[in-house]
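Working notes, beginning with the structure itself.
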Amino acid sequence: MANLPIFTAGTIRADVRDAWSRLRQAALFESYLHREIEQGVRSAYDNLTTSGSVLKELQQEVRASSDAYQQSVQLEKNGLAIPLDVLTAQNSLLNARLQYADEAFSRTVFYLDLIRATGDLSPQAPLGLRLSEDAPMPGRPS
């Protein structure tokens with residue numbers, strides 16, 4: 001003899017509807033996470049590429065400041081400039097180098113953020129870290 005309660009059909013139907021509701025919620029949450037991750041990767045990639053172009057501009061600025069400093073030193077040696085001109089050029093050069101170093105650090109952080117966002121960051125990842133467009137700073141040994 002089967003022991004089946006007579007009034008369980010409504011309970012089973014409610015349980016099925018509840019299960020479908022939880023499935024739809026999980027699907028929506030998965031879709032939300034997918035969009036959020038995609039946006040995070042896109043943002044990290046944009047930050048990295050923007051930083052690379054800013055780094056190239058700052059590299060040119062460092063070269064120009066270095067040339068201006070060398071020229072002011074030569075002008076002072078020839079008596080055509082005063083020490084204040086040399087100090088001003090040196091200040092511009094040091095500021096340009098500082099901005100370059102700051103952006104190079106930021107680019108490394110953006111790179112790490114990108115590999116974290118893509119899920120490739122592991123304890124071994126920073127060991128092989130070398131950015132392809134990372135050039136040595138002008139006027140400094142590499």
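The values are calculated or read from the model by the stated rules, or taken from the named source; none is laboratory data. All values derive from a computational prediction rather than experimental measurement. Glycine also receives a Cβ, built like all others from the backbone with ideal geometry; neighbour counts cover every protein chain displayed. For the accessible areas, the whole protein counts, side chains as well, though only heavy atoms, and no ligand, DNA or RNA atoms are used. Shrake-Rupley method; radii C 1.70, N 1.55, O 1.52, S 1.80 Å.
So for segment 57-64 (the condition being of a type in the set (Lys, Arg), in a helix (DSSP H, G or I) and either open to solvent by less than 30 Å² (accessible area, probe 1.4 Å) or free of Cβ contacts under 8 Å to residues at least 60 places away in the same chain (or both)), does at least one residue qualify?
The answer is no, given that none of the residues of segment 57-64 is of a type in the set (Lys, Arg), in a helix (DSSP H, G or I) and either open to solvent by less than 30 Å² (accessible area, probe 1.4 Å) or free of Cβ contacts under 8 Å to residues at least 60 places away in the same chain (or both).
Only one of these conditions is not met by residue 122: (1) surrounded by fewer than 12 Cβ atoms within 10 Å (Cβ to Cβ); (2) polar (S, T, N, Q); (3) modelled with pLDDT of 95 or more. Which number is it?
(3)
What residue, among those in segment 73-105 that are of a type in the set (Gly, Ala, Ser) and closer than 17 Å to residue 62 by Cα, is surrounded by the fewest Cβ atoms within 10 Å (Cβ to Cβ)?
Ranking the candidates gives 101 first.
Kindly indicate which of 53, 43, 72 is more than 30 Å from residue 117 (Cβ to Cβ) and of a type outside the set (Asp, Glu).
Going through 53, 43, 72 in turn, just one is more than 30 Å from residue 117 (Cβ to Cβ) and of a type outside the set (Asp, Glu): 72.
Filter segment 125-139 down to residues that are open to solvent by less than 90 Å² (accessible area, probe 1.4 Å) and more than 12 Å from residue 59 (Cα to Cα) and give me whichever is modelled with the highest pLDDT.
The residue in question is 125.
Taking the criterion of being open to solvent by less than 90 Å² (accessible area, probe 1.4 Å) and over 22 Å from the mean Cα position of the chain (by Cα), would at least one residue in segment 31-46 satisfy it?
yes
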